[in-house]
1. Taking amide hydrogens as modeled 1.01 Å from N in the peptide plane, which residues meet the under 5 Å criterion relative to residue 172, leaving out close sequence neighbours?
2. Which one, 142, 220, 178, is farthest towards the positive end of the dipole of region 124-252 when Lys and Arg carry +1 and Asp and Glu -1 on their Cβ?
3. Using only Cα atoms, find the angle between the long axis of helix 146-165 and the longest principal axis of the chain, and express it within 0 to 90 degrees, rounded to the nearest 10.
4. As I understand it, the value is the acute angle between the Cα axis of helix 41-53 and the longest principal axis of the Cα atoms of the chain; what does it come to in degrees, rounded to 10?
5. Label residue 123 and residue 4 with points 7 Å out from Cα along Cα→Cβ: what is the distance between them in nm?
6. At a threshold of 8 angstrom on Cα-Cα distance, excluding pairs fewer than six apart, so keeping six or more, what relative contact order does region 126-250 reach in percent?
7. Taking each pair of different alpha-carbon atoms in region 1-150 once, compute 1/r for the pair, average those values, and report the inverse of that mean as the Kirkwood hydrodynamic radius in Å to one decimal.
8. Which ³J(HN,Hα) values in Hz, rounded to whole numbers, follow from the phi angles of region 110-115 under the Karplus curve 6.51 cos²θ - 1.76 cosθ + 1.60, where θ = phi - 60° and Gly and Pro get x?
Amino acid sequence: MQRDLSGRRALVCGASQGIGLETARALASRGAHVVLLARREAPLEALAARIVEEGGSADVCVADLDHLDIQGIPADLHIVIHNTGGPPGGPLAAASVHALEASFHRHVGSAQAILQHVLPFMTAEGWGRWVNVLSTSVYEPIDNLGVSNLTRAAMASWAKTLSRELPPGVTINNVLPGFTDTERLTALAAGRAEKSGQTEEAVRESWIAQVPEGRLADPTETAAMIAFLASPDGAYVRGQSIAVDGGRLRGI
Ligand SMILES: NC(=O)c1ccc[n+]([C@@H]2O[C@H](COP(=O)([O-])OP(=O)(O)OC[C@H]3O[C@@H](n4cnc5c(N)ncnc54)[C@H](OP(=O)(O)O)[C@@H]3O)[C@@H](O)[C@H]2O)c1
């Protein structure tokens, strides 16, 4: 097993909570120096301190990806985990053109800007890893998440196209979380419960009923797949979209 990331520098976007937070811990535990990016400084500082306590190394980059705010991001990165807040819910037919553009800008726009910022270094090193955190909607659109379905498909196509363009040694892949027990899912359950008159527990049970594994994912499980793709062991996996969904997707 070649999991060691000593000497590698990794950017983890959306690191202040959830899947991004656990991904930062996973990469740091394998020896990478992690740069923690999100809009809120306090949780990033708390995570950096926790990673140092756990024997790792981290620093903080406060930035808003909605504004392509990337000047504080170092260019000498070996690993980028692109991850940010999901687009707002609702049917596609009801979404404004502005909502489509804003979501494209947040996801594809920020990924493109960061890629162009770091690619010269990865190319010179002959080693790079890029992992996008998307959604199972890449394979099966999810009802009532119209803008998200569209944006995730665009990101998957962005990554597949790049997997044909990037130099040898620089890979790009997507991880597709299923129902994952993060702050986002808790907020979604609360929203659904309020709308439907169900309890939050009942909303969660209705999600779990769709999952052959019979439970929600822990974000450390999603992070483990991301860390694998970012590791030396992941070197020959390129241009793939890998679901970590407890078997919920039905397609072969
Ligand atoms: N949890 C699930 O069940 C699930 C399922 C399918 C797909 N996903 C997707 O997977 C991704 C991660 O999920 P999660 O549950 O960990 O999400 P989350 O709890 O909502 O976390 C999102 C992270 O992105 C950061 N962020 C949001 N907007 C940003 C911006 N404009 N600029 C910079 N950072 C920003 C947030 O930090 P700040 O607020 O501090 O900026 C936070 O750290 C999301 O795209 C989500 O939609 C999640």
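1. 130, 239
2. Going by the charge dipole, the pick is 142.
3. 30 degrees
4. The angle comes out near 60 degrees.
5. Rounded to a tenth, the inter-label distance reads 3.0 nm.
6. 36 percent.
7. 16.1 Å
8. With the stated coefficients, region 110-115 comes to 5, 5, 5, 5, 5, 4 Hz.
Read the figures in this text as sums done on the coordinates, not as results from a lab. Nothing here was measured: the structure is a model prediction, and the numbers come from that model. In this analysis, Cβ positions are derived from the backbone assuming ideal geometry, glycine residues included, and neighbour counts consider all displayed protein chains.
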